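Read-outs: derived from the displayed coordinates by stated rules, not from any lab. Quick caveat: nothing in here was measured; it's all calculated off a predicted structure. Cβ atoms come from the backbone with ideal geometry, glycine included; neighbour counts cover every protein chain shown.
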Amino acid sequence: MTDIALRFDQARWSADLAIEGGGLATDDGLVTAIMISLFTDARAREDDPLPYPGADRRGWWGDTANVNDNDAIGSRLWLLEREKLTEATRNRARDYVREALAWLTEDGIARDVTIDVGILPISTAHPLGALTIGISLTRPDGPARQRYDFTWTATARSIAA
């Protein structure tokens, strides 16, 4: 499976289509798909506490036409942007990542997905601390595991795959 590749611009905390040799670059599909799944804002649920009073519940308008309400693009990680890095926040992040990546096993892309979320303490590189997100998956047709690692903070975010 190949897909059009996105390249992440850490300084702008955004992604754009990757160009190589004058054309669109491709990747194995999973790096781009996982980036979209994690870092696109899913719509907040009615009972989700919003980061700002009266904030927009976000989400992609195209999800309103889904037959299955759980078949949405993105994650609810954005809800954590003002949270302190506590064990409860780490657990919510893990739940949001699991929810956002559930399609990998449901659609048969992966046989198994393992999610590790940790807390990076405050440092010069991460003055507010950060959450580390590690994703390991096993493809259905082989024993090889692939690993993707991301670091998420509200202000100084980075991504690696």
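For the range 3-160, with only Lys/Arg (+1) and Asp/Glu (-1) charged at the beta-carbon, what is the dipole magnitude about the Cα centre, in debye rounded to 20?
Values: 18 positive and 25 negative charges, 110 e Å.
So the magnitude is around 520 debye.
Counting other beta carbons within 10 Å of each residue's own, what order do 113, 67 fall into, fewest first? Please report the intermediate quantities before stating the final value.
Numbers: 113 18, 67 5.
Fewest to most other Cβ atoms nearby, the residues stand as 67, 113.
Say we join alpha carbon atoms closer than 10 Å with springs in a Gaussian network model of the chain; which of 69, 27, 116 then has the biggest fluctuation?
Greatest mean-square fluctuation among the candidates belongs to 69.
Please arrange 145, 98, 92 by how many other C-beta atoms lie within 10 Å of their C-beta, fewest to most. Please list the in-between numbers first.
Numbers: 145 12, 98 15, 92 19.
Taking fewest neighbouring Cβ atoms as first place, the list is 145, 98, 92.
If you stretched the chain out fully between residue 145 and residue 50, how much longer would it get, using 0.36 nm times the residue separation minus the C-alpha to C-alpha distance? Don't skip to the answer; put the middle values down first.
Details: separation 95, 0.36 × 95 = 34.20 nm, distance 3.55 nm.
Full extension of this stretch gives 30.6 nm more.
Residues with amide H under 5 Å of residue 120's amide H, sequence separation 5 or more or different chain, H placed in the peptide plane at 1.01 Å from N; which?
130, 131, 132
Using only DSSP helix segments of four residues or longer, with each worth -39500 (n - 2.57), what per-residue ellipticity at 222 nm results for the chain after dividing by its residue count and rounding to 500?
-6000 deg cm²/dmol
Evaluate 2.2 N^0.38 Å with N set to the residue count of the chain, then give the Cα radius of gyration divided by it. Walk me through the numbers before you get to the answer.
Numbers: Rg = 16.1 Å, N = 161, 2.2 N^0.38 = 15.2 Å.
Ratio of Cα Rg to 2.2 N^0.38 Å: 1.06.
Run the quick spin-label model on residue 3 and residue 87: label points 7 Å from Cα toward the beta carbon, then report their separation in nm to one decimal.
Label-label distance for residue 3 and residue 87, simple model: 3.5 nm.
How do 37, 136, 14 rank when sorted from fewest to most other Cβ atoms within 10 Å of their own Cβ?
Working: 37 21, 136 15, 14 10.
Final ranking by Cβ density, sparse to dense: 14, 136, 37.
Go ahead and set up a Gaussian network model of the chain, Cα springs under 10 Å, then flag whichever of 138, 89, 64 fluctuates most.
Looking only at 138, 89, 64, the largest GNM fluctuation is found for 64.
Of the candidates 86, 132, 32, which one comes out as most mobile in a Gaussian network treatment of the chain with C-alpha springs shorter than 10 Å?
It is 86.
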